[in-house]
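Reading through the structure tokens given below for one structure.
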Amino acid sequence: MDDRNPEGQAVAFAGGKILAVGPHEEVKAAVGIGAKGIDLNGATVFPGFHDCHVHLMQHGLELRELRLGRSNDLESVLEAVVEKARQVPRGEWIRGNGLPLPLWKDRGLTAKVLDEIVPDQPVLLLSQDHHAAWVNTIALKMAGIDEHASNPSGGIFHRDKKGRLSGLLLEKAISVVTRVIPEPTQKQLHQIAHEAAQDLANHGITTAHHMAYEPSSYWRGIASAASDADFPVRVWACIPQQEIEAASAIGLATGQGSEQFSIGGAKFFADGALGPETAWMLEPYTGTKTKGMAVDTPAELAQRFPLALEAGLIPVTHAIGDAANRAVLDVISNLSPLLSNFKIPPRIEHAQHVHEADILRFSDLEVTASIQPIHLALDVKTVKAKLTDRVHRAYPIRSLLSAGGLIIFGSDTPIASPDLLAGFTAAVFRRGLRGEILGSTEAILPLEAARAYTVDAARSIGWDHCSGMIRAGFHADFTIFDRNPLKLDPATEIYGTIKSGRWTSKRATV
């Protein structure tokens with residue numbers, strides 16, 4: 001990734017920093033006699049990969065929950081819930097995740113059905129994209145939701161054809177339930193954060209960009225755990241936009257902290273997601289009259305972006321639909337004086353569907369497009385079904401790059417797997433799970449994909465002086481593959497991960 005020195009045979013490091021990189025003999029001469037050698041048996045070493053969009057604590061929590069992503073029928077889901085109910089103490093919440101909403105919206109998963117198998121314990125099952133959830137009646141009652149409840153701002157309590165609550169919650173309606181779930185203790189959160197970070201390291205990740213939307217206690221848990229010397233990843237941690245005033249009161253600002261744990265931006269949500277048709281589109285979804293919805297409305301963004309910037313927090317905004325992306329760009333276009341005080345640009349997270357007229361605006365306004373290619377692999381069928389006449393606007397990675405935009409990649413875990421190689425190949429081949437192609441003209445080159453995880457990822461958070469390249473003086477952070485991933489061999493695997501010169505994950509044979 002270093003244009004000045006793109007390849008080397010060996011790298012030397014000590015004290016967590018890179019000392020030298022280049023031909024074997026030159027590196028050996030630079031470090032002198034007595035240096036310990038590691039033979040990687042022909043493996044390929046890259047700069048440590050960033051995952052530029054993770055929900056760190058939620059990832060750790062969901063490692064402990066029911067994983068329902070591979071459940072193909074209602075019976076298997078209900079069996080898993082019953083089995084989990086046997087395992088948890090009576091009265092505790094039964095939680096699961098991973099159900100794709102397009103497959104499950106009309107499959108009979110309702111509060112009534114859940115009541116029949118678990119009548120006296122609250123149940124919460126999140127959709128794969130976390131923009132929908134299914135709950136039973138006791139969960140609704142604990143949250144104070146009854147048949148007379150009005151939809152919360154930015155959310156929907158779904159009702160059946162007779163107008164009765166179905167148990168399906170959309171967008172901010174989910175938080176009405178989750179806020180009554182007892183939070184883990186700080187000791188538990190500390191351990192959960194370590195488990196999440198270790199799983200990321202096992203996937204080859206050395207730096208995580210945390211996109212906050214959880215309770216503030218979760219953020220404190222991450223801050224505490226990430227400060228441990230043995231924490232497996234570096235963290236750039238965003239703050240929920242609802243906490244701007246609290247962060248400002250104690251002087252928290254983007255870039256503060258260390259290169260182990262650093263304050264990120266203020267996280268906003270301009271819209272929802274494609275699956276539940278809550279991503280905000282310029283035109284209705286195919287065969288419907290709905291255009292989705294704004295979550296943090298344009299008026300709210302126009303009011304709170306300046307508050308964030310004045311507090312020293314760069315805006316980082318979830319926007320999936322083309323209307324949402326345009327709305328965010330419109331607000332940013334009026335904030336040049338405030339943005340000039342920052343060393344890093346504002347970000348749009350996802351940028352999944354962008355109108356042609358807005359492509360150049362990312363570059364012109366210096367807005368980073370933080371994209372999750374693995375979603376492309378999961379979304380091909382949904383995009384073609386719901387946005388039939390504008391498939392060409394989906395995941396416009398090549399167009400954004402060609403226009404001079406800064407593109408970075410992540411996974412959105414636990415919404416999708418933190419599998420680097422799956423995301424990498426999705427960006428290059430644009431292939432769905434069943435082999436179908438989504439807009440081949442928007443494909444990018446393997447080296448461009450690697451840059452989006454490394455040097456460009458580091459630049460997006462102002463760490464281009466210490467991360468993203470294998471260069472003397474930079475962090476000794478490495479993602480190691482058993483073969484060169486740029487050659488796109490489907491058998492490629494993660495060989496190991498090193499952070500600050502220490503193995504955080506490795507094969508037993510290393």
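Key figures for this structure:
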read-out: The stretch 404-424 - residue that is assigned to a helix (DSSP H, G or I) and closer than 14 Å to C52 by Cβ and, of those, modelled with the lowest pLDDT; value: F424
read-out: Helices (runs of 4 or more DSSP H) (entirely within the stretch 284-352) containing at least 3 residues that are buried (at least 17 other Cβ atoms within 10 Å of the Cβ); value: 298-310, 322-332
read-out: Exclusive hit being surrounded by fewer than 24 Cβ atoms within 10 Å (Cβ to Cβ) and assigned to a helix (DSSP H, G or I), set L433, L401; value: L401
read-out: Criterion violated by S333 - all others in (1) without any contact (Cβ under 8 Å) to a residue 60 or more places away in the chain; (2) of a type in the set (S, T, Y); (3) touching a His at 6+ places or on another chain (Cβ under 7 Å) satisfied; value: (3)
read-out: Selection status of V380, crowded, with 21+ Cβ neighbours inside 10 Å, closer than 23 Å to T286 by Cα and in contact (Cβ under 8 Å) with a residue 24 or more places away in the chain; value: yes
read-out: Filter pass, L447 being modelled with pLDDT of 95 or more, among the hydrophobic types (A, V, I, L, M, F, W, C), surrounded by fewer than 19 Cβ atoms within 10 Å (Cβ to Cβ) and closer than 26 Å to I397 by Cα; value: yes
read-out: Any hit, the stretch 459-477, residues being part of a helix (DSSP H, G or I), farther than 19 Å from A201 by Cβ, under 21 Å from the mean Cα position of the chain (by Cα) and at pLDDT 95 or above; value: yes
read-out: Filtered residue count, the stretch 21-35, keeping only those that are over 25 Å from N484 (Cβ atoms) and outside any helix (DSSP H, G or I); value: 4
read-out: Tally, over the stretch 200-220, of residues that are surrounded by 24 or more Cβ atoms within 10 Å (Cβ to Cβ) and under 30 Å from F46 (Cα atoms); value: 11
read-out: Residues of the stretch 340-386 satisfying the condition of being at negative phi and acidic (D, E); value: E349, E356, D358, D364, D379
read-out: Among residues of the stretch 131-171, those that are part of a loop (DSSP other than H, G, I, E, B) and surrounded by 19 or more Cβ atoms within 10 Å (Cβ to Cβ), counted; value: 5
read-out: Residues located in the stretch 13-60, provided they are crowded, with 22+ Cβ neighbours inside 10 Å and small (G, A, S); value: G48, G60
read-out: Among the candidates T497, T441, T504, residue that is outside any loop (DSSP other than H, G, I, E, B), surrounded by fewer than 16 Cβ atoms within 10 Å (Cβ to Cβ), at pLDDT 95 or above and on the phi < 0 side of the Ramachandran plot; value: T441
read-out: Given (1) of a type in the set (G, A, S); (2) closer than 28 Å to D296 by Cβ; (3) surrounded by 20 or more Cβ atoms within 10 Å (Cβ to Cβ), index of the condition A225 fails; value: (2)
read-out: Test: residue in the stretch 233-241 that is over 18 Å from the mean Cα position of the chain (by Cα) and within 30 Å of P122 (Cα to Cα); value: no
read-out: In the stretch 86-130, the residues that are buried (at least 17 other Cβ atoms within 10 Å of the Cβ), modelled with pLDDT of 90 or more and assigned to a loop (DSSP other than H, G, I, E, B); value: W93, T110, V118, Q121, P122
read-out: Sole exception among (1) under 22 Å from S127 (Cα atoms); (2) among the polar types (S, T, N, Q); (3) in contact with a strand residue (DSSP E or B) (Cβ under 6 Å, 6 or more places away or on another chain) for N325, by number; value: (1)
read-out: Subset of the stretch 244-278 that is at pLDDT 95 or above and among the charged types (D, E, K, R) - its residue that is surrounded by the fewest Cβ atoms within 10 Å (Cβ to Cβ); value: E245
read-out: Any chance P490 is out of contact with any Phe, Trp or Tyr (no Cβ under 9 Å at 6 or more places or on another chain) and closer than 15 Å to A422 by Cα; value: yes
read-out: Test: Q191 is in contact with a Ser or Thr (Cβ under 8 Å, 6 or more places away or on another chain), modelled with pLDDT of 95 or more, closer than 17 Å to F261 by Cα and surrounded by fewer than 24 Cβ atoms within 10 Å (Cβ to Cβ); value: no
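Residues checked against (1) charged (D, E, K, R); (2) within 15 Å of the chain's Cα centre (by Cα):
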{"position": "L19", "(1), (2)": "no, no"}
{"position": "K28", "(1), (2)": "yes, no"}
{"position": "G32", "(1), (2)": "no, no"}
{"position": "G37", "(1), (2)": "no, no"}
{"position": "L40", "(1), (2)": "no, no"}
{"position": "C52", "(1), (2)": "no, yes"}
{"position": "E62", "(1), (2)": "yes, yes"}
{"position": "L66", "(1), (2)": "no, no"}
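The values are calculated or read from the model by the stated rules, or taken from the named source; none is laboratory data. Being a predicted model, the structure only gives us computed values, none of them experimental. Here the Cβ is made from the backbone with ideal geometry for all residues, glycine too, and neighbour counts use every protein chain on show.
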